[in-house]
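Let me begin by presenting the structure, written as structure tokens, before commenting on it.
Bear in mind that the values in this text are calculations on the coordinates, not laboratory data. This one's a predicted model, so the numbers in the text were calculated from it and none came from an experiment. Counting neighbours? That spans all protein chains shown, and the Cβs are built from the backbone with ideal geometry, glycine included.
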Amino acid sequence: MSRERAAELGLVGIAAVWGLTFVMVKDAVAELPTMAFLAYRFLPAALIVAVVFRRGLARLDAAGWRAGVLMGAFLTAGYVFQTLGLEATTASNAGFITGLMVVLTPLLGAVLLSQRIEPIAWAAALLAAVGLYLLSGSAGLNARGDGLVLLCAISFAAHILVTDRAVRGHDIGALLAVQLAVTGLFCLGAAALLGQLEIPRGATVWSALLVTSLVASALGFFVQTYAQQHAPPARTALILASEPAFAGLFGYLLAGDRLGALGWLGAALIMTAIVAVELVPRLRPARPLPEG
């Protein structure tokens, strides 16, 4: 098997696992407080990544630590909003709405960093907004869970922008270890202050912790980094964009999530927007260099 094919298969597996975690986390936080669950999820993942990338972590300078902490702040916000949202919405809705981070990233880049935004991004944003309205029902974003997950998507979009700048001058593995640790430590402190520190009990909670910490977080980021080095960018983007679809599939199969006709239309519009904003710019032929 070629490295490219192995990378693509690895990405499909990780996208499926990420989709599955929406169902697993929703079930787990029904039995374990959200902040405690997130602390137990991210601290072991941070430790594993820190051991693997200990050399890069040892070489990380002050600027790198600041970048990692900032990345961790947005990562923390994303997962806190997402997990709290899962308490009040379905795994399917959470998956599709989280996927909007792909559409929101260029919009935030234009607003906050004055980055140039292409027409396809505006069109995708409009399409996604209509899809989000249909998915959330006629009440729009009055639903607490969907609103929290939308804040999660915004946080993840900001995380992507911050990461894009940070990885240009610092070790990727070291930055990953720092941000995972920031998320874990923040959630541990919050759980302690709220009196929510509990010992995980039951197969539902432990299976969710093992999958989200070891597979989705630690192994998932490794696979994504490897795949981006060996698989074509357009194909990588398309595979990763399938995560919301996997969330919807597992929500249907395992959690009994059911969407009406308008909900399915909304989910389809969101998926179309995600794929379009990822793939259309990558599929354009490169402009020829001027002669002479």
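In the chain, the DSSP-assigned H stretches of four residues or longer account for a calculated mean residue ellipticity at 222 nm of -25000 deg cm²/dmol, using -39500 (n - 2.57) per stretch and the full residue count as denominator.
Packing here is the average count of other Cβ atoms within 10 Å per residue, and on that basis the peptides 162-173, 122-133, 180-191, 107-118, highest first, run 180-191, 122-133, 162-173, 107-118.
Grab the Cα-Cα distance for Tyr252 and Arg66, subtract it from 0.36 nm times how many residues apart they are, and report the gain in nm with one decimal. It would help to have the intermediate numbers written out before the result.
Values: separation 186, 0.36 × 186 = 66.96 nm, distance 4.11 nm.
My answer for the length gained is 62.8 nm.
Which of Asp27, Asp257, Asp61 ends up with the largest GNM mean-square fluctuation for the chain, with Cα atoms connected below 10 Å? Sorting by GNM fluctuation, first place goes to Asp61.
How big is the charge dipole of the chain about its Cα centre, in debye rounded to the nearest 20, if each Lys and Arg gets +1 on its Cβ and each Asp and Glu gets -1 on its Cβ?
Working: 18 positive and 15 negative charges, 108 e Å.
Using only the charged Cβ atoms, the result is roughly 520 debye.
Counted as membrane-span-like here are DSSP H helices of the chain whose alpha-carbon atoms extend 30 Å or more along the helix's own axis and whose Kyte-Doolittle mean is 1.0 or above; these are 62-86, 144-166, 172-193, 261-283.
How large is the convex hull of the Cα atoms of the chain per residue, expressed in Å³ as a whole number? Intermediate results must be reported in sequence, preceding the final value.
Values: hull volume 47.6 nm³, N = 292.
Dividing the Cα hull volume of the chain by its residue count gives 163 Å³.
Full extension of the chain between Ala261 and Ala123 gives 47.4 nm of extra length, using 0.36 nm per residue less the Cα-Cα distance.
Expressed as a rounded percentage, what relative contact order does segment 1-160 have, with Cα pairs under 8 Å and six or more residues apart?
Normalised by residue count, the contact order of segment 1-160 is 31 percent.
Structural descriptor for the chain: relative contact order 42 percent, calculated from alpha carbon pairs under 8 angstrom and at least 6 residues apart.
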